[in-house]
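The values are calculated or read from the model by the stated rules, or taken from the named source; none is laboratory data. Everything numeric here is computed off the predicted structure, so don't read it as measured data. Backbone-built Cβ (ideal geometry, glycine too); neighbour counts: all protein chains shown. The accessibility values were calculated without ligands, DNA or RNA, using every heavy atom of the protein model including side chains. Shrake-Rupley method; radii C 1.70, N 1.55, O 1.52, S 1.80 Å.
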Amino acid sequence: MAAAEARLRQEKVKKFEDFVDRRLKPDLVNAIAQRDNLFQQQKTFLDLKKNIENLEKNGVTSMRSMVNLGSEVYMQAEVPDTRHIFVDIGLGFHVEFTWQEALQFISVREARLARQIDEYTHLIASIKAQIKMVCEGIRELLQLPAE
């Protein structure tokens, strides 16, 4: 009878370990990657906001710049009128904005990104708690002392 109980326990432990390895850990890695992507987008919009504010502060109406054509190949470009800029709004679409319109859009987008980052942070914490709870269940099944 004790051997059957031990075997049943081992099967339960194996199922819990598989659940953690095949479901929870990949979910955690995915959630962290998604949140990191949102952090990168947030940084991009913050940089754009700073650049627009610098353009406004300095009264720049035209400029020369180096543009990346791809594969780290650059070309010199001249922008005759900087009062309007194109902003990537997602899904490959770009919208022409004045500086003020762009700053308003960036504020809205930053607020949305901050909410999404908070959601992913809570999701990550939840997944970590689930992993910890399953590991505690495994420890109890194996009757090991607490760490």
When you go through (1) surrounded by 14 or more Cβ atoms within 10 Å (Cβ to Cβ); (2) over 30 Å from Lys14 (Cα atoms); (3) of a type in the set (A, V, I, L, M, F, W, C) one by one for Val134, which number turns out not to apply? (2)
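For every residue, the table says whether it meets (1) of a type in the set (Ser, Thr, Tyr); (2) surrounded by 12 or more Cβ atoms within 10 Å (Cβ to Cβ).
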position: Met75; (1), (2): no, no
position: Asp81; (1), (2): no, no
position: His94; (1), (2): no, no
position: Val108; (1), (2): no, no
position: Ile117; (1), (2): no, yes
position: Thr121; (1), (2): yes, yes
position: Ala125; (1), (2): no, no
position: Gln130; (1), (2): no, yes
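How about segment 26-39: which of its residues are within 8 Å of the chain's Cα centre (by Cα) and open to solvent by 60 Å² or more (accessible area, probe 1.4 Å)?
At the first step, the residues of segment 26-39 found to be within 8 Å of the chain's Cα centre (by Cα) are 31-39.
Correct list: Gln34, Asp36, Asn37, Phe39.
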I'm trying to understand the selection: among the residues of segment 85-135, which are acidic (Asp, Glu) and either over 15 Å from Phe45 (Cα atoms) or in contact with a Lys or Arg (Cβ under 9 Å, 6 or more places away or on another chain) (or both)? Glu96, Glu110, Asp118, Glu119
Going by what's in this entry, would Gln42 be described as within 30 Å of Asp18 (Cα to Cα), surrounded by 12 or more Cβ atoms within 10 Å (Cβ to Cβ) and not charged (D, E, K, R)? no
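I'd like to verify a number: residues in segment 83-92 that are open to solvent by 100 Å² or more (accessible area, probe 1.4 Å) and farther than 22 Å from Asn30 by Cα, how many?
2
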